[in-house]
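Asks: After the C-alpha coordinates below, expect a handful of questions from me.
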Amino acid sequence: RALRPLFAHFGPHRHCFLDCWVLGLFIFCILSSDQHLHRHQSRPLHTMSRQTATERYQRMLGLTNSVFETHTIETSRGRVVFYTEGDWRKQTLLFAYPDLGLNYINCLIPFIHSQEGWAIFHNFSIVYLSQPGIHPDAETLTDSYPCASLDDLVDQVEDIRKYLGAAHIFSLGVGAGSTVMIQYALRHPRTVVATIAIGGVFGAPSFQEWCFSKFGFTNLESVGLFWRVRDMILQRYFPSPDDRQENWELYQMYFHELEKIPPINLSIFLRSFFNRKGNLSDLSELQTPLLLLTSTLSPDHDHAKKIWHHVPNNRCEFVEYQELLDLIPTIEPSRLSSPITYFLQGIGVSLPEPSAAKHHDHF
(Lines give C-alpha, C1' and ligand atoms only; values in the text may rest on other atoms or scores of the structure.)
Protein backbone atom coordinates (compact mmCIF):
# COMPACT_ATOMS: atom_id res chain seq x y z
CA ARG A 1 0.00 0.00 0.00
CA ALA A 2 2.81 2.39 0.84
CA LEU A 3 4.29 1.88 -2.65
CA ARG A 4 0.98 2.25 -4.51
CA PRO A 5 1.32 6.05 -5.01
CA LEU A 6 4.83 5.51 -6.31
CA PHE A 7 3.65 2.89 -8.83
CA ALA A 8 0.79 5.16 -9.92
CA HIS A 9 3.30 7.92 -10.60
CA PHE A 10 4.89 5.81 -13.36
CA GLY A 11 1.57 5.56 -15.24
CA PRO A 12 1.62 2.99 -18.06
CA HIS A 13 5.19 2.00 -17.16
CA ARG A 14 4.37 1.01 -13.61
CA HIS A 15 4.33 -2.70 -14.44
CA CYS A 16 7.89 -2.53 -15.76
CA PHE A 17 8.94 -0.69 -12.65
CA LEU A 18 7.24 -3.32 -10.48
CA ASP A 19 8.99 -6.13 -12.35
CA CYS A 20 12.37 -4.47 -11.81
CA TRP A 21 11.58 -3.91 -8.14
CA VAL A 22 10.61 -7.57 -7.63
CA LEU A 23 13.71 -8.71 -9.49
CA GLY A 24 15.90 -6.54 -7.30
CA LEU A 25 14.22 -7.92 -4.19
CA PHE A 26 14.79 -11.45 -5.44
CA ILE A 27 18.50 -10.86 -6.02
CA PHE A 28 18.80 -9.21 -2.61
CA CYS A 29 17.23 -12.28 -0.98
CA ILE A 30 19.68 -14.55 -2.76
CA LEU A 31 22.66 -12.51 -1.66
CA SER A 32 21.36 -12.29 1.90
CA SER A 33 20.84 -16.03 2.22
CA ASP A 34 22.35 -17.79 5.20
CA GLN A 35 23.63 -20.54 2.96
CA HIS A 36 26.75 -18.70 1.91
CA LEU A 37 30.08 -20.32 2.41
CA HIS A 38 31.41 -18.12 5.16
CA ARG A 39 28.60 -19.10 7.50
CA HIS A 40 29.51 -22.79 7.38
CA GLN A 41 33.25 -22.70 7.89
CA SER A 42 34.40 -24.85 10.76
CA ARG A 43 37.73 -23.05 11.07
CA PRO A 44 38.73 -19.39 10.65
CA LEU A 45 40.27 -18.63 7.27
CA HIS A 46 43.30 -16.87 8.73
CA THR A 47 44.59 -20.24 9.99
CA MET A 48 44.83 -21.63 6.44
CA SER A 49 48.18 -22.40 4.90
CA ARG A 50 49.30 -19.83 2.37
CA GLN A 51 51.06 -22.45 0.25
CA THR A 52 49.87 -22.24 -3.34
CA ALA A 53 48.16 -24.98 -5.28
CA THR A 54 51.00 -24.75 -7.79
CA GLU A 55 53.61 -25.68 -5.18
CA ARG A 56 51.47 -28.45 -3.70
CA TYR A 57 50.68 -30.13 -6.99
CA GLN A 58 54.20 -29.83 -8.33
CA ARG A 59 55.59 -31.52 -5.22
CA MET A 60 52.82 -34.15 -5.17
CA LEU A 61 53.37 -35.14 -8.78
CA GLY A 62 57.12 -34.67 -8.82
CA LEU A 63 56.83 -32.20 -11.66
CA THR A 64 59.35 -29.50 -12.51
CA ASN A 65 58.99 -26.43 -14.66
CA SER A 66 61.01 -28.18 -17.37
CA VAL A 67 58.13 -30.59 -18.05
CA PHE A 68 55.96 -27.84 -19.55
CA GLU A 69 56.75 -25.38 -22.31
CA THR A 70 55.17 -21.96 -21.83
CA HIS A 71 53.84 -20.06 -24.84
CA THR A 72 52.65 -16.46 -24.96
CA ILE A 73 51.07 -15.33 -28.22
CA GLU A 74 48.97 -12.48 -29.53
CA THR A 75 45.65 -13.71 -30.89
CA SER A 76 42.91 -11.83 -32.66
CA ARG A 77 41.20 -11.63 -29.26
CA GLY A 78 44.11 -10.56 -27.06
CA ARG A 79 47.26 -12.03 -25.61
CA VAL A 80 46.98 -15.55 -24.19
CA VAL A 81 49.29 -17.87 -22.29
CA PHE A 82 49.16 -21.64 -22.69
CA TYR A 83 51.38 -24.60 -21.90
CA THR A 84 52.40 -27.69 -23.84
CA GLU A 85 53.62 -31.07 -22.67
CA GLY A 86 55.24 -33.57 -24.99
CA ASP A 87 56.45 -33.06 -28.53
CA TRP A 88 53.68 -30.93 -29.98
CA ARG A 89 55.44 -30.85 -33.37
CA LYS A 90 55.13 -34.63 -33.81
CA GLN A 91 52.41 -36.00 -31.54
CA THR A 92 48.64 -35.70 -31.86
CA LEU A 93 47.42 -32.69 -29.87
CA LEU A 94 44.88 -32.76 -27.06
CA PHE A 95 43.57 -29.30 -26.19
CA ALA A 96 42.51 -29.19 -22.51
CA TYR A 97 40.47 -26.29 -21.09
CA PRO A 98 39.96 -25.86 -17.28
CA ASP A 99 36.84 -24.92 -15.34
CA LEU A 100 35.75 -21.50 -14.12
CA GLY A 101 38.42 -19.74 -12.04
CA LEU A 102 40.84 -22.69 -12.20
CA ASN A 103 44.05 -23.31 -14.14
CA TYR A 104 45.84 -26.28 -15.65
CA ILE A 105 47.66 -27.15 -12.41
CA ASN A 106 44.73 -27.31 -10.01
CA CYS A 107 42.14 -28.58 -12.51
CA LEU A 108 43.71 -30.66 -15.28
CA ILE A 109 47.02 -32.10 -14.06
CA PRO A 110 45.61 -34.13 -11.13
CA PHE A 111 43.49 -36.06 -13.65
CA ILE A 112 45.81 -36.21 -16.64
CA HIS A 113 48.83 -37.17 -14.52
CA SER A 114 47.07 -39.74 -12.39
CA GLN A 115 48.17 -43.30 -13.07
CA GLU A 116 44.90 -44.11 -14.86
CA GLY A 117 44.79 -40.81 -16.72
CA TRP A 118 48.37 -41.02 -17.90
CA ALA A 119 47.71 -44.49 -19.34
CA ILE A 120 45.39 -42.65 -21.76
CA PHE A 121 46.91 -39.23 -22.27
CA HIS A 122 50.58 -40.18 -22.68
CA ASN A 123 49.63 -40.88 -26.29
CA PHE A 124 49.03 -37.16 -26.89
CA SER A 125 50.91 -33.92 -26.62
CA ILE A 126 48.81 -31.96 -24.15
CA VAL A 127 48.03 -28.30 -24.82
CA TYR A 128 46.89 -26.78 -21.52
CA LEU A 129 44.74 -23.77 -22.36
CA SER A 130 44.10 -20.90 -19.95
CA GLN A 131 41.26 -18.52 -19.39
CA PRO A 132 42.40 -14.95 -20.15
CA GLY A 133 44.59 -13.80 -17.27
CA ILE A 134 43.80 -16.76 -14.97
CA HIS A 135 47.03 -18.70 -15.50
CA PRO A 136 49.57 -18.84 -12.63
CA ASP A 137 51.32 -15.51 -11.93
CA ALA A 138 49.10 -13.68 -14.41
CA GLU A 139 49.40 -9.92 -14.75
CA THR A 140 46.38 -7.67 -14.48
CA LEU A 141 44.58 -7.14 -17.79
CA THR A 142 42.98 -3.88 -18.85
CA ASP A 143 39.36 -3.05 -19.60
CA SER A 144 40.31 -2.82 -23.28
CA TYR A 145 41.20 -6.51 -23.48
CA PRO A 146 39.42 -7.58 -26.71
CA CYS A 147 37.55 -10.63 -25.44
CA ALA A 148 33.87 -10.12 -24.70
CA SER A 149 31.96 -13.27 -25.71
CA LEU A 150 32.11 -17.04 -25.90
CA ASP A 151 32.87 -16.78 -29.59
CA ASP A 152 35.91 -14.68 -28.73
CA LEU A 153 37.16 -17.45 -26.42
CA VAL A 154 36.67 -19.92 -29.28
CA ASP A 155 38.63 -17.62 -31.60
CA GLN A 156 41.52 -17.70 -29.13
CA VAL A 157 41.56 -21.51 -29.24
CA GLU A 158 41.57 -21.47 -33.05
CA ASP A 159 44.47 -19.00 -33.15
CA ILE A 160 46.44 -21.28 -30.82
CA ARG A 161 45.78 -24.24 -33.11
CA LYS A 162 47.02 -22.26 -36.10
CA TYR A 163 50.09 -21.17 -34.14
CA LEU A 164 50.94 -24.81 -33.38
CA GLY A 165 50.24 -25.83 -36.97
CA ALA A 166 47.91 -28.72 -36.11
CA ALA A 167 45.49 -29.92 -38.77
CA HIS A 168 43.41 -31.99 -36.32
CA ILE A 169 43.04 -32.02 -32.54
CA PHE A 170 41.26 -33.84 -29.74
CA SER A 171 39.66 -31.68 -27.05
CA LEU A 172 38.95 -32.03 -23.33
CA GLY A 173 36.96 -29.55 -21.25
CA VAL A 174 35.95 -29.35 -17.60
CA GLY A 175 32.86 -27.34 -16.63
CA ALA A 176 33.06 -23.97 -18.33
CA GLY A 177 35.92 -25.35 -20.40
CA SER A 178 33.54 -27.97 -21.82
CA THR A 179 31.24 -25.21 -23.03
CA VAL A 180 34.11 -23.54 -24.86
CA MET A 181 35.31 -26.77 -26.47
CA ILE A 182 31.83 -27.91 -27.55
CA GLN A 183 31.29 -24.53 -29.19
CA TYR A 184 34.71 -24.87 -30.82
CA ALA A 185 33.77 -28.29 -32.22
CA LEU A 186 30.57 -26.82 -33.69
CA ARG A 187 32.42 -24.01 -35.42
CA HIS A 188 35.39 -26.12 -36.58
CA PRO A 189 34.03 -29.61 -37.33
CA ARG A 190 36.85 -30.50 -39.71
CA THR A 191 39.46 -29.75 -37.07
CA VAL A 192 38.16 -31.61 -34.02
CA VAL A 193 38.44 -35.41 -34.06
CA ALA A 194 36.53 -35.91 -30.78
CA THR A 195 35.51 -33.96 -27.66
CA ILE A 196 35.47 -35.11 -24.02
CA ALA A 197 33.22 -32.87 -21.92
CA ILE A 198 33.21 -33.19 -18.11
CA GLY A 199 30.10 -31.21 -17.22
CA GLY A 200 29.31 -27.99 -19.03
CA VAL A 201 26.38 -25.97 -20.35
CA PHE A 202 25.28 -24.78 -23.76
CA GLY A 203 23.09 -22.07 -25.18
CA ALA A 204 22.05 -18.74 -23.75
CA PRO A 205 22.71 -18.09 -20.03
CA SER A 206 20.09 -19.16 -17.52
CA PHE A 207 18.32 -16.65 -15.30
CA GLN A 208 20.55 -17.67 -12.37
CA GLU A 209 23.67 -17.10 -14.46
CA TRP A 210 22.32 -13.73 -15.56
CA CYS A 211 21.77 -12.68 -11.94
CA PHE A 212 25.25 -13.86 -11.00
CA SER A 213 26.87 -12.02 -13.90
CA LYS A 214 25.12 -8.73 -13.14
CA PHE A 215 26.03 -8.88 -9.46
CA GLY A 216 29.48 -10.35 -10.00
CA PHE A 217 30.68 -7.89 -12.62
CA THR A 218 29.68 -4.92 -10.50
CA ASN A 219 31.59 -6.13 -7.46
CA LEU A 220 34.62 -7.49 -9.32
CA GLU A 221 35.14 -4.27 -11.23
CA SER A 222 34.39 -1.89 -8.37
CA VAL A 223 35.65 -3.44 -5.14
CA GLY A 224 37.80 -6.34 -6.33
CA LEU A 225 37.13 -10.00 -5.69
CA PHE A 226 34.28 -9.36 -3.31
CA TRP A 227 33.91 -12.27 -0.89
CA ARG A 228 30.40 -13.12 -2.08
CA VAL A 229 31.61 -13.55 -5.66
CA ARG A 230 34.47 -15.73 -4.47
CA ASP A 231 32.09 -17.82 -2.36
CA MET A 232 29.62 -18.22 -5.21
CA ILE A 233 32.42 -19.70 -7.33
CA LEU A 234 33.61 -21.97 -4.52
CA GLN A 235 30.06 -23.13 -3.91
CA ARG A 236 30.08 -24.55 -7.43
CA TYR A 237 32.75 -27.04 -6.36
CA PHE A 238 31.76 -27.44 -2.70
CA PRO A 239 27.96 -26.98 -2.57
CA SER A 240 27.44 -28.25 0.98
CA PRO A 241 29.28 -27.90 4.31
CA ASP A 242 29.97 -31.65 4.23
CA ASP A 243 31.66 -31.35 0.84
CA ARG A 244 33.90 -28.61 2.15
CA GLN A 245 34.72 -30.43 5.38
CA GLU A 246 35.55 -33.71 3.63
CA ASN A 247 37.80 -31.93 1.12
CA TRP A 248 39.11 -29.21 3.40
CA GLU A 249 42.67 -29.16 2.07
CA LEU A 250 41.47 -28.86 -1.52
CA TYR A 251 39.02 -26.16 -0.50
CA GLN A 252 41.88 -24.17 1.05
CA MET A 253 43.85 -24.40 -2.18
CA TYR A 254 40.95 -23.20 -4.31
CA PHE A 255 40.19 -20.42 -1.83
CA HIS A 256 43.68 -18.94 -1.90
CA GLU A 257 44.16 -19.44 -5.63
CA LEU A 258 40.97 -17.47 -6.31
CA GLU A 259 42.26 -14.66 -4.10
CA LYS A 260 45.38 -14.43 -6.28
CA ILE A 261 43.48 -13.88 -9.52
CA PRO A 262 43.34 -10.20 -10.48
CA PRO A 263 39.64 -9.31 -10.18
CA ILE A 264 39.47 -7.63 -13.58
CA ASN A 265 40.87 -10.81 -15.19
CA LEU A 266 38.16 -12.95 -13.65
CA SER A 267 35.57 -10.37 -14.66
CA ILE A 268 36.72 -10.53 -18.30
CA PHE A 269 36.29 -14.30 -18.44
CA LEU A 270 32.93 -14.24 -16.68
CA ARG A 271 31.69 -11.53 -19.04
CA SER A 272 32.87 -13.53 -22.04
CA PHE A 273 31.45 -16.82 -20.78
CA PHE A 274 28.04 -15.42 -19.86
CA ASN A 275 27.84 -13.48 -23.11
CA ARG A 276 27.08 -16.53 -25.19
CA LYS A 277 24.44 -17.03 -27.82
CA GLY A 278 22.95 -19.94 -29.67
CA ASN A 279 20.26 -22.51 -29.08
CA LEU A 280 20.35 -26.13 -28.05
CA SER A 281 18.98 -26.95 -31.48
CA ASP A 282 22.38 -25.94 -32.89
CA LEU A 283 23.80 -29.13 -31.38
CA SER A 284 21.97 -31.16 -34.02
CA GLU A 285 24.71 -29.98 -36.38
CA LEU A 286 27.54 -31.39 -34.25
CA GLN A 287 29.61 -33.61 -36.53
CA THR A 288 32.33 -34.81 -34.15
CA PRO A 289 31.97 -37.58 -31.52
CA LEU A 290 31.20 -36.27 -28.03
CA LEU A 291 31.65 -38.00 -24.66
CA LEU A 292 29.53 -36.19 -22.07
CA LEU A 293 30.18 -36.92 -18.38
CA THR A 294 27.82 -35.50 -15.79
CA SER A 295 26.56 -36.01 -12.24
CA THR A 296 23.12 -35.99 -10.67
CA LEU A 297 24.54 -33.66 -7.98
CA SER A 298 26.12 -31.18 -10.38
CA PRO A 299 24.53 -27.74 -10.87
CA ASP A 300 24.96 -28.36 -14.62
CA HIS A 301 23.16 -31.72 -14.59
CA ASP A 302 19.99 -30.50 -16.31
CA HIS A 303 22.06 -28.65 -18.92
CA ALA A 304 24.07 -31.79 -19.65
CA LYS A 305 20.92 -33.86 -20.20
CA LYS A 306 19.59 -31.22 -22.59
CA ILE A 307 22.87 -31.35 -24.52
CA TRP A 308 22.59 -35.14 -24.71
CA HIS A 309 19.02 -34.98 -26.02
CA HIS A 310 19.91 -32.49 -28.76
CA VAL A 311 23.10 -34.10 -30.08
CA PRO A 312 22.47 -36.83 -32.68
CA ASN A 313 22.43 -40.25 -31.00
CA ASN A 314 25.28 -41.59 -33.08
CA ARG A 315 27.49 -38.67 -32.03
CA CYS A 316 27.12 -38.55 -28.24
CA GLU A 317 27.99 -40.99 -25.46
CA PHE A 318 26.41 -40.05 -22.11
CA VAL A 319 27.74 -41.15 -18.70
CA GLU A 320 26.04 -40.13 -15.46
CA TYR A 321 27.58 -40.34 -11.97
CA GLN A 322 25.85 -40.22 -8.61
CA GLU A 323 28.72 -38.35 -6.93
CA LEU A 324 29.69 -34.70 -7.28
CA LEU A 325 31.46 -34.70 -10.64
CA ASP A 326 33.12 -31.30 -10.27
CA LEU A 327 35.67 -32.74 -7.81
CA ILE A 328 36.12 -36.21 -9.33
CA PRO A 329 38.90 -35.15 -11.77
CA THR A 330 40.92 -33.94 -8.78
CA ILE A 331 39.98 -36.38 -6.01
CA GLU A 332 39.08 -39.62 -7.83
CA PRO A 333 40.47 -39.35 -11.39
CA SER A 334 40.35 -43.13 -11.80
CA ARG A 335 36.55 -42.90 -11.98
CA LEU A 336 36.82 -41.15 -15.36
CA SER A 337 39.42 -43.33 -17.04
CA SER A 338 37.21 -46.28 -18.11
CA PRO A 339 34.51 -44.36 -20.06
CA ILE A 340 37.18 -42.20 -21.72
CA THR A 341 39.21 -45.27 -22.70
CA TYR A 342 36.17 -47.03 -24.17
CA PHE A 343 35.09 -43.85 -25.95
CA LEU A 344 38.46 -43.30 -27.63
CA GLN A 345 38.82 -46.95 -28.55
CA GLY A 346 35.30 -46.89 -29.95
CA ILE A 347 36.24 -44.20 -32.46
CA GLY A 348 39.37 -46.09 -33.47
CA VAL A 349 42.08 -44.52 -31.30
CA SER A 350 44.86 -46.91 -30.30
CA LEU A 351 45.97 -46.50 -26.68
CA PRO A 352 49.21 -48.40 -26.06
CA GLU A 353 50.38 -48.66 -22.46
CA PRO A 354 53.00 -46.10 -21.35
CA SER A 355 56.51 -47.36 -20.74
CA ALA A 356 57.61 -47.51 -17.11
CA ALA A 357 60.42 -45.07 -17.76
CA LYS A 358 58.16 -42.50 -19.37
CA HIS A 359 55.64 -42.74 -16.55
CA HIS A 360 58.36 -42.35 -13.95
CA ASP A 361 59.63 -39.19 -15.64
CA HIS A 362 56.26 -37.50 -15.03
CA PHE A 363 55.70 -38.66 -11.48
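The values are calculated or read from the model by the stated rules, or taken from the named source; none is laboratory data. None of these values were measured; they are calculated from a predicted model. In this analysis, Cβ positions are derived from the backbone assuming ideal geometry, glycine residues included, and neighbour counts consider all displayed protein chains. Keep in mind that these areas ignore ligands, DNA and RNA; they rest on the heavy atoms of the full protein, side chains included. Shrake-Rupley method; radii C 1.70, N 1.55, O 1.52, S 1.80 Å.
Asks: Filter segment 75-116 down to residues that are assigned to a strand (DSSP E or B) and either out of contact with any Cys (no Cβ under 8 Å at 6 or more places or on another chain) or open to solvent by 10 Å² or more (accessible area, probe 1.4 Å) (or both), then give me how many there are.
Replies: 13
Asks: Within segment 265-302, restricting attention to residues that are aromatic (Phe, Trp, Tyr) and open to solvent by 10 Å² or more (accessible area, probe 1.4 Å), which residue is modelled with the highest pLDDT?
Replies: It comes out as Phe273.
Asks: Does Leu258 qualify as being of a type outside the set (Phe, Trp, Tyr) and modelled with pLDDT of 85 or more?
Replies: Answer is yes for this residue.
Asks: Suppose we keep only residues that are at pLDDT 95 or above and under 17 Å from the mean Cα position of the chain (by Cα) within segment 84-99. Which one would you say is nearest to Ser350 (Cα to Cα)?
Replies: Only one residue fits best here, namely Leu94.
Asks: Take Tyr184 and decide whether it is aromatic (Phe, Trp, Tyr), part of a loop (DSSP other than H, G, I, E, B) and open to solvent by less than 30 Å² (accessible area, probe 1.4 Å).
Replies: Taking the combined requirement at face value, the residue does not satisfy it.
Asks: Any idea how many residues of segment 162-179 are buried (at least 17 other Cβ atoms within 10 Å of the Cβ) and either touching a strand residue (DSSP E or B) at 6+ places or on another chain (Cβ under 6 Å) or modelled with pLDDT under 95 (or both)?
Replies: The total comes to 12.
Asks: Taking Gln208 as the residue in question, decide whether it is assigned to a helix (DSSP H, G or I) and within 22 Å of Tyr104 (Cβ to Cβ).
Replies: It is false that Gln208 is assigned to a helix (DSSP H, G or I) and within 22 Å of Tyr104 (Cβ to Cβ).
Asks: Another question, if that's okay. Does segment 134-150 hold any residues that are in contact (Cβ under 8 Å) with a residue 40 or more places away in the chain and either among the hydroxyl-bearing types (Ser, Thr, Tyr) or surrounded by fewer than 17 Cβ atoms within 10 Å (Cβ to Cβ) (or both), and which are they?
Replies: Glu139, Thr140, Thr142, Asp143, Tyr145, Pro146, Ala148, Ser149
Asks: Next up: Mind counting the residues in segment 162-181 that are more than 17 Å from Trp308 (Cβ to Cβ) and outside any strand (DSSP E or B)?
Replies: Total meeting the criteria: 10.
Asks: Taking the condition of being crowded, with 17+ Cβ neighbours inside 10 Å and not in a loop (DSSP other than H, G, I, E, B), how many residues in segment 246-264 meet it?
Replies: 10
Asks: Hey, another quick one. Tell me, yes or no, whether segment 153-161 has at least one residue that is touching a residue at least 40 places away in the same chain (Cβ under 8 Å), more than 19 Å from the chain's Cα centre (by Cα) and outside any loop (DSSP other than H, G, I, E, B).
Replies: Yes, segment 153-161 contains at least one residue that is touching a residue at least 40 places away in the same chain (Cβ under 8 Å), more than 19 Å from the chain's Cα centre (by Cα) and outside any loop (DSSP other than H, G, I, E, B).
Asks: Another question, if that's okay. In segment 292-320, what residues are in contact with a Cys (Cβ under 8 Å, 6 or more places away or on another chain) and either of a type outside the set (Val, Ile, Thr) or free of Cβ contacts under 8 Å to residues at least 12 places away in the same chain (or both)?
Replies: Of everything in segment 292-320, those that are in contact with a Cys (Cβ under 8 Å, 6 or more places away or on another chain) and either of a type outside the set (Val, Ile, Thr) or free of Cβ contacts under 8 Å to residues at least 12 places away in the same chain (or both) turn out to be Leu292, Trp308.
Asks: Have a look at Ser284, Ser267, Ser272, Ser298 and point out the one that is farther than 24 Å from Cys147 by Cα, among the polar types (S, T, N, Q) and assigned to a helix (DSSP H, G or I).
Replies: The match here is Ser284.
Asks: Let me ask another. Give me the pairs, please: first residue somewhere in segment 81-97 and β-branched (Val, Ile, Thr), second residue anywhere and in a strand (DSSP E or B) and crowded, with 22+ Cβ neighbours inside 10 Å, beta-carbon distance under 8 Å, and either six or more positions apart or on two chains.
Replies: Close Cβ pairs satisfying both conditions: Thr84/Ile126; Thr84/Val127; Thr84/Tyr128; Thr92/Ile169; Thr92/Phe170.
Asks: Oh, and also: Is it true that Gly173 is under 18 Å from Pro339 (Cα atoms), in contact (Cβ under 8 Å) with a residue 60 or more places away in the chain and of a type outside the set (Ser, Thr, Tyr)?
Replies: Yes; evaluated as a whole, the condition is true for this residue.
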